[in-house]
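What follows is a single structure, written as structure tokens, with notes after it.
The values are calculated or read from the model by the stated rules, or taken from the named source; none is laboratory data. If you're wondering where the values come from, they're calculated on a predicted model, not measured in any experiment. Don't worry about glycine lacking a Cβ; one is built from the backbone with ideal geometry, like all the others, and counts go over all protein chains shown. Heads up: the accessible areas ignore ligands, DNA and RNA and are worked out on the full protein's heavy atoms, side chains in. Shrake-Rupley method; radii C 1.70, N 1.55, O 1.52, S 1.80 Å.
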Amino acid sequence: MLLIYYHLTDWRIATVGSALGALIGWMAAHNQSAGIPAENTIVIGFAWVAAFLLGASSANLRRVRLINTLSAMGVMAHELRTPLATVNIMGDVLRSLVRHDVPEAQRKQIEDLSTRLQNLVRSMNRQIDTQISNAQLLRLPHEQSPVMAAELVLEVVSNYPYRSNRERDCVQVHIRQDFCFVAPRQLFAQVLTNLVKNALHALASASTAPVAGDLRLEVGVHRGKGRIAVSDNGVGISHEQQAQIFEPFFSTQKGSGNGLGLTFCKNVVEAAQGTISVHAEPHVGSVFMIDLPLNQDPNIRPDHPRT
């Protein structure tokens, strides 16, 4: 029973459960004035030690495998930058060539093609940044600095590589009350980028075309903590999946996504002493809420609310 218990659950939970069960069993035996035979104590003790070692080694093995997988992903993502840089240079060369001895109609077509090519390169570089950030899942840097929530949200929304103008126009930002928090700014920007990317994917999977306000980012203060909420009117998330979406390698996007984006978000938010939660309904939409402790530094003043 102990071996199965440690194999099926986390070793920390199994240890607490085993200790609690042993205490209850001892109290029951003591109340009945009946002792536990010595041979039973030896067998149970040996089984517990073996189960403890099994659970600890299994957890360590899973961690090592996860680190190796993430490291390989980071290396592969980094290596992709070289061919992308070459493609970007080719786009510049193509644009330069069409300025000489090319009819106006063809020149416009080639320039449009070059622009699309370079936009694609920028989008791929953003994806590479995401994968490299995911590769730091278990090795997040400790450097933190004060961050203004409204400024960060507006920056992420402005710099996101949208696939179309319609996709960009469906995003709205509402600043109810600005606040300051302490976190790694670059990693937290990646957190918001991941949430926006997931929301846009949920909208793309819906049966209707996105309209203005289908994706909303709100900044405010709720119950003494700063809150950043990312809401969408997409396909939503089933109640069963909501309990698993923050686990490594679990993804609701079948055939795409590696299941690390939300795990990365959770780790970064918790490193900033915050919490991230989700409320979603299938075919209605999802709301991801990030609650963060306010920075009380008197030298940093929030900006005026903007919408």
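Could you please report the charge total around Gln273, scoring K, R as +1 and D, E as -1 over all other residues with beta-carbon less than 12 angstrom from its beta-carbon?
Working: positive: Lys225; negative: Glu270, Asp291.
Once all neighbours under 12 Å are counted, the net charge is -1.
Please give the solvent-accessible surface of Thr275 in Å², to the nearest 10, using a probe radius of 1.4 Å with every protein chain present.
70
What residues have an amide H closer than 5 Å to that of Gln177, excluding those fewer than 5 places away on the same chain, when H is modeled at 1.01 Å from N in the peptide plane?
Those lying under 5 Å, H to H, from Gln177 are Val219, Gly220, Val221.
I want to check the label-to-label distance for Ile42 and Leu294. Put each point 7 Å from Cα in the C-beta direction and report it in nm to one decimal.
Using points 7 Å along Cα→Cβ, the separation is 6.5 nm.
Label Gln273 and Ala212 with points 7 Å out from Cα along Cα→Cβ: what is the distance between them in nm?
Here the answer is 4.0 nm between the modelled labels.
For Asn125 and Ile4, what is the calculated FRET efficiency with R₀ set at 30 Å and r taken between the beta-carbons, to the nearest 0.05?
After rounding, the FRET efficiency stands at 0.05.
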